[in-house]
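Read the structure below first, then the notes.
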Amino acid sequence: ADTDPIDRLEQAHAFHAGLCDMLETIADSLPDEVDPLQCRQALTCLQLELPLHHKDEEVGLFPLLEKRAKPKDRLTEHLAQLSLEHATDESFADELSQELESLSQGDRPANPNMLGYMLRGFFESYRRHLHWENTVLLPLARKRLTGSDLEQLAKTMQRHRSVRDSLPHIN
């Protein structure tokens, strides 16, 4: 039997919390102590895992939750907010990716203070986002989704991965 898809989303959140820690380490190591390998790992995370996880939530989880939510859950406004944060985080991640790409090749940051500020802005807001999803969204999903919803979510997530795995790999 496959792992429960909500457990898998929670594991992804733990993984992304680790990404935030890695970005914090990179920010703390600017400008001269940066580990290029760590920058490469963070870059892969931002470019591959983050958008994939957002897709799992937006295409898989959110519509199922909307179908099952009760009015008192006030879910519609929450989901709109989360989708907005996903979009913002992804465009932020794109900007950071260019910087991390250059750091991963051993280049020095052109403007270490600005880059440190950007990194902190990203991981601080992403940590808040993860915390909210872990404390509000996932518990609600556990309470409201049916067995067949969970099967459907697991299939959607599986499909996203088979599409990703059939793409030529970056690196």
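When 126, 117 are compared by accessible surface with a 1.4 Å probe, the order from highest to lowest is 117, 126. Fully extending the segment from residue 166 to residue 4 would add 55.9 nm, taking 0.36 nm per residue of separation and subtracting the current Cα-Cα distance. The value of relative contact order for the chain, using C-alpha pairs under 8 Å at least six residues apart, is 41 percent. Listed values for region 135-145 are Karplus-derived 3J(HN,Hα) couplings in whole Hz (6.51 cos²θ - 1.76 cosθ + 1.60, θ = phi - 60°), namely 8, 10, 5, 5, x, 5, 4, 4, 6, 9, 6, and x replaces Gly and Pro. Heavy-atom accessible area for residue 77, with the other protein chains in place and a 1.4 Å probe, reaches approximately 100 Å².
With every protein chain left in place and a probe of 1.4 Å, what is the accessible surface of residue 133, to the nearest 10 Å²? Here the accessible area works out near 0 Å². Inter-label distance, residue 117 to residue 59: 3.7 nm, where each label sits 7 Å from its Cα along the C-beta direction. Once all protein chains are placed together, residue 131 keeps about 120 Å² accessible to a 1.4 angstrom probe.
Quick one: if the Förster radius is 45 Å, what FRET efficiency do residue 101 and residue 146 give, using the C-beta to C-beta distance and rounding to 0.05? Spell out each step's value before the answer.
On the way: r = 43 Å, r/R0 = 0.96.
With R0 = 45 Å, the Cβ-Cβ based efficiency is 0.55.
The distance linking region 28-53 with region 92-171 is 12 Å (Cα centroid to Cα centroid, whole angstrom). Using the beta-carbon distance between residue 15 and residue 110 and R0 = 25 Å, what value does 1/(1 + (r/R0)^6) give for FRET efficiency, to the nearest 0.05? E between residue 15 and residue 110, to the nearest 0.05, is 0.25. Between residue 127 and residue 74, the distance separating the two model label sites (each 7 Å from Cα on the Cα→Cβ line) works out to 2.5 nm. The Rg/Rh ratio of the chain, with both radii computed over alpha carbons and Rh defined as the Kirkwood radius, is 1.01.
Solvent-accessible surface of protein heavy atoms, probed at 1.4 angstrom with all chains present, puts 59, 34 in the order 59, 34, largest first. For region 56-66, backbone phi angles converted through the Karplus equation (6.51, -1.76, 1.60; θ = phi - 60°) give residue-by-residue couplings of 4, 6, 6, 8, x, 6, 4, x, 5, 5, 4 Hz, Gly and Pro being listed as x.
The values are calculated or read from the model by the stated rules, or taken from the named source; none is laboratory data. This structure is a prediction, so every number in the text was calculated from the model and none was measured. Don't worry about glycine lacking a Cβ; one is built from the backbone with ideal geometry, like all the others, and counts go over all protein chains shown. Areas reflect the complete protein model, heavy atoms only, side chains present, ligands, DNA and RNA absent. Shrake-Rupley method; radii C 1.70, N 1.55, O 1.52, S 1.80 Å.
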